[in-house]
Amino acid sequence: MTPPPDDRVRLVQPFERVSAENSSGDLKGKLKNLAEIGPDHLLADERARQRASQTLSLFGREDLIAATSGDYKANGCAPLQTTSTVLNEIASRARQTSIVIISESHERSQHRGFIAEVASRLRPLGYDTLAIETLSYSLPGTPERSLPTFRRQPNLPFFSEDDGYYLYEAGFGRLGRRAKVLGYRLLPYEFIAEQHGVAAPDATREQRIAVREEGQANHLATFLREHPGTKLLVHVGYSHAAEVPQPNGDKWMAARLKEKTGIDPLTISQTICRGGGDTVRFSALPADQPAGAFDLLIDHPSARFVQGRPEWRLLAGDIAVSIPQALLPSTGWRVIEARPVGEPATSVPMDRVAIRPGETIALMLPPGRYNLRAIDVGGSEQTHLPHAR
């Protein structure tokens, strides 16, 4: 059933409609990936599944991957009882250190929403710098005209689409908007071996991991050394938050940063445990993880969806808004973007969702006035991806 209009959200006409070919270079590539997604591409092999899952999540369609992605599969971690709420416990432990490291799945937008909540709780405690793995790292001496927008125009209230790969996803954009309102300094720390001229084409998986983790830890340690007194919140993906070596010998970024700084970080994983209860909770460290790998494990409930969108967005205060009939596609994928009135098309939108003919998919928006843009993607011959149940 289509919900009645909510006057707290205004969709301001005229609506814009463009083709994927008229999009910026990086977005054009991601739209091409979306156009190629069909049943065969999604399930052909693990690499193809991961690429398709991240693409669908980036375009707001987690409902289409939740049944097949391991990042959504409940795994029965044992609950861990504490005497305070999840956010209160995190804040309490954060007072005992100056580095907090928290992981995310690149497929679950709720993890970014939770990191935004953690950032809000830590800011009054003196945490002033948010390091985000996906932010584009620029080598020293890079001309200003070549810097990403968050470096050239730090006072903008939004991320721009040249600021980092995963930032195209609207939930990541929301995290950036919250961080900017809170007054966090934004810090890139990624290490790309090719960028630094240390890539080895014949390197093993273990060697590539070691080079990247060492480079990330060096970037963060150097920043802390040059900015004494900084309290640092570090956003990472998956295992980078592990603060002890793994049984197979891998030593992830958090373990290396701990060694380099002598600071015992508060490490929080959102990717080890999932689906354990009806509300977010702590879980005990599973037996297959090395002792001390993470200080806290966040266990989010199994994902639920309303009109094709994550229910957690409604619980966080968003309003489900019907997409105007004039923007619904008759063939292939179409991407609908919603930006606050006056923002440029290069800003990471407040919401971005891919839809196909016959679907009832909502925009999820906080109260406000929005311009809409529709991007025709194509791929009509591959619009038979099974709908989420």
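Out of all the residues in the range 312-323, which are in a strand (DSSP E or B), small (Gly, Ala, Ser) and over 16 Å from Arg61 (Cα atoms)?
Let us first name the residues in the range 312-323 that are in a strand (DSSP E or B), namely 319-322.
Next cut, small (Gly, Ala, Ser) only: 320, 322.
Listed by number, the list is empty, since nothing qualifies.
Collect the residues in the range 131-159 that are among the polar types (S, T, N, Q) and more than 20 Å from Glu107 (Cα to Cα), keeping them in residue-number order. Before you say what the answer is, go through the steps one by one.
Here is the first cut: in the range 131-159, the ones among the polar types (S, T, N, Q) are 134, 136, 138, 142, 146, 149, 153, 155.
Scanning the range 131-159 gives Ser138, Thr142, Ser146, Thr149, Gln153, Asn155.
Picking from Ala221, Ala241, Ala170, which residue would you name as being open to solvent by less than 20 Å² (accessible area, probe 1.4 Å), under 18 Å from Leu135 (Cβ atoms) and in contact with a Leu (Cβ under 7 Å, 6 or more places away or on another chain)?
Ala221
State which residue is surrounded by the fewest Cβ atoms within 10 Å (Cβ to Cβ) when the search covers only the range 324-343 and only residues that are more than 22 Å from the chain's Cα centre (by Cα) and more than 17 Å from Gly60 (Cα to Cα).
Among them, the one singled out is Gln325.
Restricting attention to the range 182-203, and to residues there that are touching a Ser or Thr at 6+ places or on another chain (Cβ under 7 Å) and outside any loop (DSSP other than H, G, I, E, B), which single residue is farthest from Asp163 (Cα to Cα)?
Step by step, filter the range 182-203, then rank; the result is Leu182.
Testing Thr271 on (1) open to solvent by 20 Å² or more (accessible area, probe 1.4 Å); (2) farther than 13 Å from Ile101 by Cβ; (3) out of contact with any Asp or Glu (no Cβ under 6 Å at 6 or more places or on another chain), one condition comes back false. Which one is that?
(2)
May I ask you to verify whether Asp318 is open to solvent by less than 50 Å² (accessible area, probe 1.4 Å) and either in contact with a Lys or Arg (Cβ under 6 Å, 6 or more places away or on another chain) or touching a residue at least 40 places away in the same chain (Cβ under 8 Å) (or both)?
Taking the combined requirement at face value, the residue satisfies it.
Select from the range 345-389 the residues that are at pLDDT 95 or above, closer than 19 Å to Pro14 by Cβ and outside any strand (DSSP E or B) and list them in ascending order.
Answer for the range 345-389, where residues must be at pLDDT 95 or above, closer than 19 Å to Pro14 by Cβ and outside any strand (DSSP E or B): Pro349, Met350.
Please identify the pairs in which a residue from the range 291-303 that is modelled with pLDDT of 95 or more and assigned to a loop (DSSP other than H, G, I, E, B) has its Cβ atom under 8 Å from the Cβ atom of a residue that is charged (D, E, K, R) and surrounded by fewer than 22 Cβ atoms within 10 Å (Cβ to Cβ), counting only partners at least 6 apart or on another chain.
Asp295/Arg93; Pro301/Asp278; Ala303/Glu311
Just need a number here: residues in the range 99-142 that are within 30 Å of Tyr72 (Cβ to Cβ), of a type outside the set (Lys, Arg) and free of Cβ contacts under 8 Å to residues at least 40 places away in the same chain.
Final tally of qualifying residues: 1.
The values are calculated or read from the model by the stated rules, or taken from the named source; none is laboratory data. Predicted model, so just to flag it, every value in this text is computed and none were measured. Don't worry about glycine lacking a Cβ; one is built from the backbone with ideal geometry, like all the others, and counts go over all protein chains shown. Protein only, heavy atoms only, side chains kept; ligands, DNA and RNA dropped before computing areas. Shrake-Rupley method; radii C 1.70, N 1.55, O 1.52, S 1.80 Å.
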